[in-house]
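Only one structure is covered here, and it is reproduced in the block below.
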Amino acid sequence: MTKRNLFTDHMDNVIPREHRNDIRQYFNMLNFSKLEDSNEYDFYYKVTFEHIIYIPPCSKYSPPKKVFFYKADGAESDLVNESVRIADIIAVDPAHFLSLHPVRYNRVKFEISEGEIPMPIMTLSEEYPTVFDGRHRIMALYKYGFTHVDVLLKAHQRDTIIQFLNRISTSALSTEATSNFISREEDKIYTLDDFEFSNTKV
């Protein structure tokens with residue numbers, strides 16, 4: 001399947017018929033599939049998707065065969081890396097991964113397509129694992145078809161986080177969407193100037 005057809009097939013086969021002619025839904029899908037570089041300085045809303053299946057495949061960059069995960073400059077020295085299943089991470093709090101910004105998402109898709117990406121950071125929050133830094137990266141990897149990601153964890157939290165992820169059910173990721181909405185914008189709008197991509201949590 002060509003990159004061009006990935007977007008059209010997604011619209012035709014995944015998006016419910018009653019939403020296909022909604023111009024806002026169309027442009028949300030288009031921006032997350034293949035945001036034009038010339039548009040990166042335009043104003044964009046952060047978008048919340050109703051279900052993971054509605055996030056479109058990338059029709060702009062080609063997925064790499066392998067990805068090298070590296071520890072970003074400035075990462076705390078007590079962090080250790082661990083390979084974990086992406087589906088398990090998302091299943092802990094799916095809503096967290098359904099709120100994305102098209103500019104950030106476009107940037108991490110490009111980095112991944114180049115074959116390397118900083119490792120996301122996970123931590124414990126009220127006894128639950130959470131992605132402190134990297135949800136855009138994790139979702140982009142998932143949509144590229146990767147099953148695992150190397151993450152950074154605090155050494156003293158590692159066992160607790162891994163044990164939690166080993167018990168998590170990923171059934172919520174395979175359930176059917178209700179189609180109450182496909183995607184919706186938040187009230188606040190952002191431009192590229194709002195993000196410092198050398199430090200931003202993406």
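Each value in this text was obtained by applying a stated rule to the coordinates, not by laboratory testing. All figures in this text were calculated on a predicted structure; none of them were measured in a lab. Note that we place each Cβ from the backbone using ideal geometry, even for glycine, and neighbour counts take in every protein chain shown.
Check which residues have an amide H placed less than 5 Å from His148's amide H, if you skip close sequence neighbours.
Ile86
What is the extension gain from Phe68 to Arg167, computed as 0.36 nm multiplied by their sequence separation minus the C-alpha to C-alpha distance, in nm to one decimal?
32.9 nm
For the peptides 6-16, 143-153, what is the packing order when you average, over each peptide's residues, the other Cβ atoms within 10 Å and list the highest mean first?
Values: 6-16: 14.9, 143-153: 18.1.
So the peptides 6-16, 143-153, ranked by packing, come out 143-153, 6-16.
Please compute the modelled spin-label separation between Phe132 and His96, points set 7 Å along Cα→Cβ, answer in nm with one decimal.
Placing both labels 7 Å beyond Cα along the Cβ direction yields 1.2 nm.
For region 3-194, report the translational diffusion coefficient in µm²/s to the nearest whole number, using Stokes-Einstein at 37 °C, 0.692 mPa s, and a Kirkwood Rh over Cα pairs.
Values: Rh = 17.4 Å.
Answer, rounded: 188 µm²/s.
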